[in-house]
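Some notes on the structure that comes next.
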Ligand code: B12
């Protein structure tokens, strides 16, 4: 396999083939390729395609879950290689991350958290359906510089606005900035609420590095 055989990784996730995803991840970890690009354009592209197939009514919940399992299996194996590959982030730059209240979608958020950790950020993952005060409390406890919030629903993305306000109002000594993402969000939305936006997990790493630089 080529280190950049993104198509095979994409397929493994779309087919929900956990064993194949693991095998590809192991080969990738040993090869000297661009790990981040492979993750984003291979495995992550696969899970996005699974999402589309689900929306189109081609896939049902079991296929969706199976695709997510293949994705998770690959990411677990890649974590050490991604860590060894770490660059950019200043030591101990903390990121508190979670999916906002009322929203249970956590696959994309998990991907962002994994890649940030792999790049040397100290990641505090609060999970999904996270209340505003939990983000603020953890940011206070950890002195984190970034508070990152995922929202996948148009009805829950407004919580990102509330989060920016809550973080500002808390006046934390680490003066964290809010990073937002998730399918319904955009640069324009982030600008409107006073946050920073990143489109996907790969760009989240670059944007987060710029935020703490
Ligand atoms: C999987 C899925 C589910 C799973 C979630 C499982 C899980 N543990 O996450 C289940 C089945 C539980 C689910 C439930 C629901 N879902 Co749903 N779901 C999806 C689906 C198919 C895929 C989402 C996904 O995981 N994508 C793959 C990941 C890798 O991509 P991603 O999440 O976009 O993340 C990337 C970027 O957005 C970004 N990113 C994400 N978060 C963050 C955070 C930061 C800080 C940054 C910088 C970047 C970033 O980086 C990620 C990686 O590149 C989407 C369709 C879609 N196309 O998005 C619908 C979708 C999001 N769901 C939808 C709906 C309506 C629902 C339900 C309300 C359905 C229902 N009637 O019950 C419930 C809501 C439950 C709740 N309260 O949250 C709608 C939302 C419509 C809208 N605009 O509001 C969508 C768009 C489907 C549709 N077209 O109707 N869902």
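The values are calculated or read from the model by the stated rules, or taken from the named source; none is laboratory data. All figures in this text were calculated on a predicted structure; none of them were measured in a lab. Cβ coordinates were reconstructed from backbone atoms using ideal geometry, including for glycine residues, and neighbour counts include every protein chain displayed.
Here are some notes:
- Residue match in segment 55-69 (condition: more than 22 Å from residue 127 (Cβ to Cβ) and at pLDDT below 90): yes
- Every pair of residues 6+ apart whose Cβ atoms lie under 7 Å, when the first sits in segment 98-118 and is farther than 12 Å from residue 72 by Cβ while the second is assigned to a loop (DSSP other than H, G, I, E, B) and more than 9 Å from the ligand (Cβ to nearest atom): 98/126; 98/127; 101/131; 118/85; 118/86
- Exactly one residue out of 31, 74, 70, 81 is touching a residue at least 12 places away in the same chain (Cβ under 8 Å), surrounded by fewer than 17 Cβ atoms within 10 Å (Cβ to Cβ) and within 19 Å of the chain's Cα centre (by Cα), and it is 81.
- Of all residues in segment 97-115, none are more than 9 Å from the ligand (Cβ to nearest atom), closer than 18 Å to residue 198 by Cβ and assigned to a loop (DSSP other than H, G, I, E, B).
- Being more than 10 Å from the ligand (Cβ to nearest atom), within 18 Å of residue 201 (Cα to Cα) and in a helix (DSSP H, G or I) is a description that applies to residue 75.
- Evaluation of residue 123 against (1) modelled with pLDDT of 90 or more; (2) not assigned by TED's automatic domain parsing to the domain that holds residue 178 (one fails), failing number: (2)
- Count of segment 166-183 residues which are surrounded by 16 or more Cβ atoms within 10 Å (Cβ to Cβ) and at positive phi: 1
- Breaking point among (1) at pLDDT 90 or above; (2) closer than 20 Å to residue 202 by Cβ; (3) away from the ligand (no atom under 15 Å from the Cβ), for residue 18: (2)
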